[in-house]
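*Asks:* The following block contains the structure, expressed as structure tokens.
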Amino acid sequence: MKHNNIFTSDHWHKNDLSSNKLIIVCDDEQPSQAKFTLDISKKFGFTTAEMAGEPIIQYNDIADIGKADINQCQTKLTKQFKASCIDLLHFRNVKVNGNLYKLIQNISTIIAKKNAPYIDLEQLNNIDDYLKTMSSSTRKSRRRTQKKLNANYDVNFQILTNEDIDATIVDDIIKMKNNQLALQGMTSRLFMNPVKLQSLKNIITTPNDTFKCIISTLKCDGVLAAAEIGFLHQSVYYSFLGAMNEQYKSYSPGSCQLLKTIEWAIDNGVEKFDLLAPEDHYKTSWSNNHVDEVVDLILPLTLKGNIWGNLFLKTLRPMLKNAYFLVKNTLKKS
């Protein structure tokens with residue numbers, strides 16, 4: 001089976017602890033291909049479905065649909081969705097070059113467009129080659145940051161892979177990220193959901209044959225100062241979750257850890273370092289403007305689904321979100 005990206009692996013869905021999962025297949029003879037593992041939820045009388053594993057999975061997609069007729073697939077899938085009494089399908093961060101987009105682009109509606117920055121490492125031989133792709137001021141800043149950290153602490157960088165990873169280090173990183181979000185006054189769909197966090201820990205600590213879990217840690221005088229949970233699939237590294245100990249904020253340990261992780265990726269033949277959506281400023285500064293286009297899609301199946309999708313998800317929700325951040329930033333400035 002061809003996996004367009006790491007998040008089409010069943011490993012994400014098998015370890016999802018959500019109770020209302022539904023599996024729908026397009027082709028009974030090839031059930032592992034155009035397969036949707038969905039998480040069903042009911043809100044305000046609307047029945048909606050999203051990919052099981054949300055918000056852990058970062059690209060909504062399905063495995064290769066092969067030579068299946070798209071129109072026939074759409075007809076069979078839509079019939080099954082309606083039979084399951086689903087009003088609306090909501091898919092986030094769908095790559096426009098992915099299998100899911102190919103399958104439903106002409107029957108769905110785009111409600112958001114964004115970019116997923118990445119670093120192209122294919123032609124780079126070492127970390128110096130990567131630094132040369134930056135402006136001279138950025139290059140000097142990155143090196144100054146490293147020197148400042150090394151001058152003040154005994155710095156240790158380490159890469160942990162599948163067999164080296166245990167639940168303790170995962171718990172430490174999640175706790176550090178939680179503290180960081182709290183101090184910054186930020187929220188996260190993942191970190192507000194203890195069940196999903198447990199699912200993430202299961203995904204990381206349970207061996208699988210599709211991809212490798214990678215944890216990079218940076219310690220200052222033996223204390224965890226920055227870390228990242230990442231995943232390696234074929235020649236693509238997914239920079240999944242970064243965390244920093246705010247105690248060391250003035251020394252930018254997160255920046256140093258990321259640079260060392262990129263160096264490890266180059267040394268280990270990684271061709272693409274995916275920073276994932278959305279296109280935050282700090283990601284752009286590392287990616288040198290390489291991006292993949294991703295979209296959020298809705299597929300209404302009933303009149304109620306049309307109302308919820310087009311009135312709330314497409315129109316009201318973005319307005320409320322923008323208003324929330326406007327008020328929040330205003331309060332922060334004052």
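What follows draws every value from the coordinates through simple rules; no lab data is involved. This is a predicted model, so every value here is computed, not measured. Cβ: placed from backbone, ideal geometry, glycine included. Neighbour counts: every protein chain shown.
*Asks:* Output ³J(HN,Hα) for segment 307-314: one whole-Hz value per residue in order, computed from phi by the Karplus curve 6.51 cos²θ - 1.76 cosθ + 1.60 with θ = phi - 60°, and x for Gly and Pro.
*Replies:* 5, 5, x, 7, 7, 8, 5, 7
*Asks:* Grab the DSSP H runs of the chain that are 4 residues or longer, score each as -39,500 (n - 2.57), total them, divide by all residues and round the 222 nm result to the nearest 500 deg cm²/dmol.
*Replies:* -11000 deg cm²/dmol, from helical runs alone.
*Asks:* Here's a follow-up. Mean-square fluctuation check for the chain, GNM, Cα pairs under 10 Å: which of 238, 101, 248 is largest?
*Replies:* Of the options given, 248 has the highest mean-square fluctuation.
*Asks:* In degrees, nearest 10, range 0 to 90: what is the angle between the Cα axis of helix 253-267 and the longest Cα principal axis of the chain?
*Replies:* 80 degrees
*Asks:* I'd like the orientation of helix 167-184 relative to the chain: the angle between its Cα long axis and the longest Cα principal axis, in ° from 0 to 90, rounded to 10.
*Replies:* 90 degrees
*Asks:* Which value, in debye to the nearest 20, describes the size of the charge dipole of the chain about its Cα centre when Lys and Arg Cβ atoms bear +1, Asp and Glu Cβ atoms bear -1, and nothing else is charged?
*Replies:* Here the size comes out at about 1520 debye.
*Asks:* In segment 160-293, how does Rg compare with the Kirkwood Rh, expressed as the Rg/Rh ratio over alpha carbon atoms?
*Replies:* With Rh from the inverse mean 1/r over Cα pairs, Rg/Rh is 0.94.
*Asks:* Report relative contact order for the chain in percent, whole number only (criteria: Cα-Cα under 8 Å, sequence separation at least 6).
*Replies:* It comes to 26 percent, rounded to a whole number.
*Asks:* Taking just the alpha carbons, could you work out the radius of gyration and Dmax for segment 7-139, both in angstroms?
*Replies:* Taking only Cα atoms of segment 7-139, I get Rg and Dmax of 18.6, 59 Å.
*Asks:* Given H placed 1.01 Å from N in the peptide plane, which residues other than close sequence neighbours of residue 112 have an amide H under 5 Å from its amide H?
*Replies:* Correct list: 296.
*Asks:* May I ask which residue of 168, 123, 214 lies farthest towards the positive end of the charge dipole of segment 123-270, with charges of +1 (Lys, Arg) and -1 (Asp, Glu) on Cβ and the Cα centre as origin?
*Replies:* The residue sitting farthest along the positive end of the dipole is 123.
*Asks:* If you take the alpha carbon radius of gyration of the chain and divide it by 2.2 N^0.38 Å, what ratio comes out, to two decimals?
*Replies:* Against the empirical 2.2 N^0.38 Å value, I get 1.05 for the chain.
*Asks:* Using Cα atoms only, what is the angle between the long axis of helix 317-333 and the major principal axis of the chain, expressed in degrees (0 to 90) to the nearest 10?
*Replies:* Roughly 20 degrees, rounded to the nearest 10.
*Asks:* Placing unit charges on C-beta atoms (Lys and Arg positive, Asp and Glu negative, everything else neutral), compute the dipole magnitude of segment 123-270 about its Cα centre in debye, rounded to 20.
*Replies:* I would put it at about 740 debye.
*Asks:* What's the longest bit of the chain with no exposed GluC sites (Glu not before Pro), using DSSP loop states and at most 12 other Cβ atoms within 10 Å as the test?
*Replies:* In the chain, the maximal stretch lacking such sites is 123-334.
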